[in-house]
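Undergrad: Could you have a look at this structure, given as structure tokens, before my questions?
Only the coordinates and a few stated rules stand behind these numbers; no lab work does. Just so it is clear, the structure is predicted and the values come from calculations on it, not from any experiment. Note that each Cβ is placed from the backbone with ideal geometry, even for glycine, and that neighbours are counted across all protein chains shown.
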Amino acid sequence: MSGIRTVVGAPAERREGREKVTGAARYAAEQPGTDRAFAWPVPATVARGRVTGVDATAALALPGVLAVLTHDNAPRLAEPDDPTLAVLQNPEVPHRGWFVALVVAETPEDARAGAAAVRVTYATEPHDVTLTAAHPEAYVPEEANAGYPARTERGDPDRAFDSAAVRVDTAYRVPPLHNHPMEPHATTARWDGDRLTVHNSGQGATVVRDTLSALFEVPAERVTVVSEHVGGGFGSKGTPRPDVVLATMAARLTGRTVTLALPRRHLPAVVGHRAPTLHRLRLAAEPDGRLTSVTHEVTTHTSRVKEFVEQAATPARVMYAAPHLRTLHRVVALDVPSPSWMRAPGEAPGMYALESAMDELAGELGMDPVELRIVNEPDTEPDSGKPFSSRHLVECLREGAYRFGWAGRDPLPRSGREGPLLVGSGVAAATYPVQASPSTADARALPDGLFLVRVNATDIGTGARTVLAQIAADALGAPLDRIRIEVGSSDLPSAPLAGGSSGTASWGWSVHEACTRLAERLAGHSGPLPGEGMVARADTTGRADAVSPWARHAFGAHFAEVTVDTVTGEIRVRRLLGVYAAGRILNPRTARSQFVGGMTMGLGMALTEGSTMDAAFGDFTECDLASYHVPAHADVGAVEAHWVDENDPHLNPMGSKGIGEIGIVGTAAAIGNAVHHATGVRFRELPLTPDRVL
Ligand code: MOS
């Protein structure tokens, strides 16, 4: 059929948009069922120790309460790969907020009242939840997250630094951050004999099915996990969470359909957080701006439950040409909740620090910060020496500078003033790796001229259905309205989760293959189709990054204009502008929404978001959306997203790079650099709240 793409690249509207805005879309906690019961967890109130007793008498006497699960009576699980899922298996309390009991009742209100009536006693032990750069238990792990080496070194960065003409030796701190998706982590579970059906809010139903199959020792073919609509996740739903396990246990114990939607105030302790990162950066350059030495060292924390090492020094391996380079991660295991994935793990905090330090260096050199980045553009990926499959960072910087009106900017800090407001502008670069995983899909041509495409993708709010239908339409040479697409169930062909900005690449690859095969078979077929139609299936590998001869990354440039109120200390972001080089943009409407969403989250990271670890209680103090400030509409000024066209043949059949995460990556640094330009003061700890700025 036609090899000409017409539908990919069009701003198709979201297929499920009407369902969502009319309230017809059902989420995991909204599944109907006449026998439905509701669960409410009981979190530990000590930071470290063990449960010595759970008295459920008062709870069980309350109206509607059906059961109280504890480590004494909860179903035994097989050992999970992820130790945060071993809930109610033993009396140990590894951190405050760890679940120690679960109440099941007729209504959510009954369950909540029951949970409040459970009396738990503990034997406590001293705890340590305070991260410091000089913590005596800090160590260099074998690997940082995602399999990256914890340390890389080339040349002699210390000597090169000591002998350099221009130097910056600086430190930054990014606090713990929480994802806080609008829909909390939720599961509805039902057993029919030894068959398990689960509706879940996660970012990938196949992995949830496999996890439940292993934990409850049920064959995978007897487990169905449905994630039809998901109200955001930002990484916190990238792995199954305790709600999945607890609801399934409760359903087994009570024989009822059980819904557990984690209460908002429980989320910070049990669904992960971006670990705090302490950064030390040393940059050295020639007077012309060319970097001679880059050192980026990161210290972060993990829990005592599992090792999770935010890979924040990895972007320095990709960004700039420097003959001497060291990147290093150190980690301390503390009595804190387990950290986990949050939008652009590694790149978001790492590029905040690196791009802030680059701005400091531009100041030392008396050089324009856009030009400083351009003179340090590498020929090949600095760390690996591999050629870039495509890299248009310079184009992003130039296009962004033009659109933003960078030319003519007075580089002098504190040079812009409007009454009580100081006005400044800043720039930062962004990068995010291109990834793809194995995926399967099938496509069926039906006698009535429709096509049915099936893949267990998850639409976490991105518009995945829409863009996959576009990919199918072009591969089939069929109009978009002839494509039916089914996603969001583990009974569909297996597919990876929506994460790592790799969903569209992975799922789309298998959809493209299945549809291309089907088109070929249809082309060789004459006469009417049989009643069941004709099917083709594809199983794609996503080509593991390790074996690629190419360094594959998306790039971008962020520009920000801020005002700083000298009376109140309040920072407002008037304008944010991003220009991206992210391969082929498959749907400009949904892509813009991803970029703008990422930038908005970066604005929150810069100005308002941050979780405080209370050293005495051993818990995060911000446990709701009244205290953890995600940007509201009034916080967000003009946000623009643009892109440069890239035609990169080394990616996937669509030519796409990921777009879900890069928007957050350089935004906080661009804002911080603008605040420095406005005020002449370099703040090195986020968020930039008025109390810090005044
Ligand atoms: Mo994203 S943090 O890879 O879900």
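Undergrad: Hey, fewest Cβ within 10 Å first, where do 302, 45 land in order?
TA: On the way: 302 19, 45 14.
Fewest-to-most Cβ neighbours within 10 Å comes out as 45, 302.
Undergrad: Let me ask something else about it. Please list, in order along region 526-542, the HN-Hα scalar couplings obtained from phi with the Karplus expression 6.51 cos²θ - 1.76 cosθ + 1.60 (θ = phi - 60°), rounded to whole Hz, x for Gly and Pro.
TA: 10, x, x, 7, x, x, 7, x, 10, 10, 9, 10, 9, 9, 10, 9, x
Undergrad: Something else now. Quick check: pseudo-label points 7 Å beyond the Cα along Cα→Cβ at residue 395 and residue 638, how many nm apart are they?
TA: 2.5
Undergrad: Still on this structure: Would you please give the residues with an amide H less than 5 Å from that of residue 144, counting only those at least 5 places away or on a separate chain, with H modeled from the backbone geometry?
TA: 150
Undergrad: For region 322-360, list residues with backbone N below 19 Å from a point placed 7 Å from the Cα of residue 133 toward its Cβ?
TA: Inside the label zone: 325-333, 349-360.
Undergrad: Let me ask another. Mind checking which aspartates and glutamates have their Cα closer than 15 Å to the Cα of residue 386? Skip sequence neighbours fewer than 8 apart in that chain.
TA: Leaving aside aspartates and glutamates fewer than 8 places away in the same chain, those within reach of residue 386 are 377, 545.
Undergrad: Counting only residues 5 or more places away or on other chains, whose amide H sits under 5 Å from the amide H of residue 658 once H atoms are built in the peptide plane?
TA: When sequence neighbours closer than 5 places are left aside, the close amide H contacts are 435.
Undergrad: Starting from 0.36 nm per residue, how many nanometres of slack lie between residue 146 and residue 615 once their C-alpha separation is accounted for? Please report the intermediate quantities before stating the final value.
TA: Numbers: separation 469, 0.36 × 469 = 168.84 nm, distance 2.96 nm.
Working it through step by step, the gained length comes to 165.9 nm.
Undergrad: If you don't mind, there's one more thing I want to ask. Assign unit charges at the C-beta atoms only (+1 for Lys and Arg, -1 for Asp and Glu), then state the dipole size of the chain relative to its Cα centre in Debye, rounded to the nearest 20. Don't skip to the end; give the middle numbers.
TA: Numbers: 66 positive and 81 negative charges, 166 e Å.
In total the dipole reaches around 800 debye.
Undergrad: Can you give me the distance in nm between label points at residue 192 and residue 26, each placed 7 Å from the Cα along the Cα-to-Cβ direction?
TA: In this crude label model, residue 192 to residue 26 measures out at 1.4 nm.
Undergrad: Run the reach check for residue 237 against lysines, Cα to Cα strictly under 24 Å, same-chain hits fewer than 8 apart removed. What comes back?
TA: 20, 306, 657
Undergrad: Please list, by residue number, everything in region 46-63 whose backbone N is under 13 Å from a paramagnetic label point 7 Å out along Cα→Cβ of residue 124.
TA: 46-50
Undergrad: Using alpha carbons only, how many angstrom separate the centre of region 467-543 from the centre of region 326-402?
TA: 36
Undergrad: Okay, next question. So how much slack lies between residue 19 and residue 159, counting 0.36 nm per residue of separation and subtracting their Cα-Cα distance, in nm? Each step should come with its number before you reach the end.
TA: Values: separation 140, 0.36 × 140 = 50.40 nm, distance 6.15 nm.
Extra length from residue 19 to residue 159 when fully extended: 44.2 nm.
Undergrad: Right, next: Which GluC sites (Glu not before Pro) from region 160-249 combine a DSSP loop assignment with at most 16 other Cβ atoms within 10 Å?
TA: On the way: sites: 217, 221, 228; in loops: 217, 228.
Sparse-neighbourhood loop GluC sites (Glu not before Pro): 217.
Undergrad: Order by neighbour count: 386, 237, fewest other Cβ atoms within 10 Å first, most last.
TA: Values: 386 13, 237 33.
So the ranking, lowest neighbour count to highest, is 386, 237.
Undergrad: Expressed in nm to one decimal, what extension gain is obtained for the pair residue 78 and residue 55 from 0.36 nm per residue of sequence separation less their Cα-Cα distance?
TA: Numbers: separation 23, 0.36 × 23 = 8.28 nm, distance 2.64 nm.
Here the segment from residue 78 to residue 55 would lengthen by 5.6 nm.
Undergrad: Can you work out the base-10 log of I(q)/I(0) for region 420-519 at q = 0.12, 0.22, 0.24 1/Å, using the Debye formula on its C-alpha atoms alone?
TA: Values, matching the q order: -0.42, -1.07, -1.22.
Undergrad: Now for a separate question. What does the C-alpha gyration tensor say about the overall shape of region 8-152? Classify as rounded when a/c is under 1.5, otherwise prolate if a/b is larger than b/c, or oblate.
TA: Working: a/c = 2.47, a/b = 1.03, b/c = 2.41.
Here region 8-152 falls in the oblate category.
Undergrad: Loop only per DSSP, at most 16 neighbouring Cβ atoms within 10 Å: give me the GluC sites (Glu not before Pro) in region 1-60, ordered by residue number.
TA: Values: sites: 13, 16, 19, 30; in loops: 13, 16.
Here the sparse-neighbourhood loop sites are 13.
Undergrad: Moving on. Just the Cα atoms of region 284-418: what Rg and Dmax do they give in Å?
TA: That works out to 17.5, 53 Å for Rg and Dmax.
Undergrad: Now a separate question. Which loop-located trypsin sites (Lys or Arg not before Pro) does region 57-164 contain, where loop means any DSSP state but H, G, I, E or B and the Cβ has at most 12 other Cβ atoms within 10 Å?
TA: Taking region 57-164 and a limit of 12 other Cβ atoms within 10 Å, the loop trypsin sites (Lys or Arg not before Pro) found are 76.
Undergrad: Each residue of region 71-76 in turn: what ³J(HN,Hα) in whole Hz from Karplus with 6.51, -1.76, 1.60 and θ = phi - 60°, glycine and Pro shown as x?
TA: Listing the rounded values in order: 5, 7, 10, 5, x, 6 Hz.
Undergrad: Something else now. Quick one: what are the phi-derived ³J(HN,Hα) couplings along region 646-658, Karplus 6.51/-1.76/1.60 with θ = phi - 60°, whole Hz, x for glycine and proline?
TA: Residue by residue, region 646-658 yields 10, 10, 10, x, 9, 10, 7, x, 8, x, 9, 10, x Hz.
Undergrad: Can I ask one more? What residues have an amide H closer than 5 Å to that of residue 685, excluding those fewer than 5 places away on the same chain, when H is modeled at 1.01 Å from N in the peptide plane?
TA: So residue 685 has HN proximity to 173.
Undergrad: Taking N as the number of residues in region 75-225, what is its Cα Rg relative to 2.2 N^0.38 Å? Could you put the intermediate results ahead of the total?
TA: Details: Rg = 23.0 Å, N = 151, 2.2 N^0.38 = 14.8 Å.
Relative to the 2.2 N^0.38 Å estimate, region 75-225 comes out at 1.55.
Undergrad: To continue, here is another question. So, R0 is 30 Å and r is the distance between the beta-carbons of residue 682 and residue 386; what FRET efficiency does that work out to, to 0.05?
TA: Details: r = 34 Å, r/R0 = 1.15.
Rounded to the nearest 0.05, the efficiency is 0.30.
Undergrad: If Lys and Arg each add +1 and Asp and Glu each add -1, what is the summed charge of the other residues whose beta carbon sits under 9 Å from the beta carbon of residue 64? Could you put the intermediate results ahead of the total?
TA: Working: positive: none; negative: 106, 109, 110.
Residues near residue 64 contribute -3 overall.
Undergrad: Please report, largest first and rounded to whole Å, the three semi-axes of the ellipsoid equivalent to the chain, where each semi-axis is the square root of five times an eigenvalue of the C-alpha gyration tensor.
TA: Details: eigenvalues 329, 243, 98 Å².
Equivalent ellipsoid of the chain: 41, 35, 22 Å, largest first.
Undergrad: Tell me what the chain gives for mean residue ellipticity at 222 nm when only DSSP H runs of n ≥ 4 count, each as -39,500 (n - 2.57), the sum divided by the residue total, rounded to 500 deg cm²/dmol.
TA: That comes out to -7000 deg cm²/dmol.
Undergrad: With a point put 7 Å past each Cα toward its Cβ, work out how far residue 491 is from residue 90 in nm, to one decimal.
TA: 3.9
Undergrad: Mind sorting 135, 180 by how few other Cβ atoms lie within 10 Å of their own Cβ, fewest first?
TA: 135, 180
Undergrad: If you wrap a convex hull around the C-alpha atoms of region 619-679 and split its volume per residue, what is the figure in Å³? Display every interim value, and only then the final one.
TA: Numbers: hull volume 12.7 nm³, N = 61.
Looking at region 619-679, the number lands at 207 Å³ per residue.
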